[in-house]
Amino acid sequence: MTLAARKAEARRAAAAARALAHAQGQGQAAELLADWLAPHRGRVLSGYMPIRSEMNPLPAMTSHDGPVCVPVIVKPGEPLRFREWSPGVEMIEGPFGARVPAEGAWLEPEVLIVPLLAFDRRGFRLGYGGGFYDRTLERLRARHPVTAVGFAFAAQELPEVPIEPTDQPLDAILTENGPFAIRRG
């Protein structure tokens, strides 16, 4: 089976597992995320507007003590850009159904909450296949230190995410059960 076929199959299975977990609720996941983010106060935080059955990080984003932004897809094949966000800001429909601020300052995040379909204990994630976060993390890491935390249901864990050389690992993963220990090497 090719890598593309393995990733496609993993995406289908992970989306189904995430949908089942989402139907049961995310419990205290947002509060756990807010606690995890507390040491990062003052740093620029990127969250996301949840779509489909993604974990909802909005309560943690709202409670962050510092600037908050959300990703904006400028065009396919390019890294994400990040527009400043706060509760009540005017939002418009962006690509893939995610809402984005209609206007606001462009910020460069130092901490990113990253959505995903699946993850493994090595810190690798499986997204929707556009490569946006991989390109973005690579660019940001070349410029300055960043911390990327995957936010997911525990049911989204796979024994091993199929990866390719361009895939960027996460620094941490947080679920409704708390943080996962990432094993490198």
Within segment 27-72, tally of residues that are over 14 Å from the mean Cα position of the chain (by Cα) and either in a loop (DSSP other than H, G, I, E, B) or over 23 Å from G127 (Cα atoms) (or both): 17
Residue in segment 126-145 that is modelled with pLDDT of 95 or more, assigned to a loop (DSSP other than H, G, I, E, B) and surrounded by 17 or more Cβ atoms within 10 Å (Cβ to Cβ) present: no
Conditions (1) aliphatic (A, V, I, L, M); (2) out of contact with any strand residue (DSSP E or B) (no Cβ under 8 Å at 6 or more places or on another chain); (3) over 25 Å from P165 (Cα atoms); (4) touching a residue at least 24 places away in the same chain (Cβ under 8 Å); number of the one not met by A16: (4)
Yes/no for L107 being out of contact with any Leu (no Cβ under 8 Å at 6 or more places or on another chain), surrounded by fewer than 19 Cβ atoms within 10 Å (Cβ to Cβ) and in contact (Cβ under 8 Å) with a residue 60 or more places away in the chain: yes
Cβ-Cβ under 6 Å pairs, at least 6 apart or on other chains, segment 145-171 side within 11 Å of L126 (Cβ to Cβ), far side open to solvent by 40 Å² or more (accessible area, probe 1.4 Å): P162/L3; P162/R6
Single match in P101, P76 (criterion: more than 13 Å from the chain's Cα centre (by Cα) and open to solvent by less than 10 Å² (accessible area, probe 1.4 Å)): P101
Candidates G178, G150, G123 - the one that is at pLDDT below 95 and not hydroxyl-bearing (S, T, Y): G178
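The values are calculated or read from the model by the stated rules, or taken from the named source; none is laboratory data. Being a predicted model, the structure only gives us computed values, none of them experimental. Methodologically, a virtual Cβ is constructed for each residue, glycine included, from the backbone with ideal geometry; neighbour enumeration extends over all protein chains shown. The area values use the complete protein model at the heavy-atom level, side chains included, leaving out ligands, DNA and RNA. Shrake-Rupley method; radii C 1.70, N 1.55, O 1.52, S 1.80 Å.
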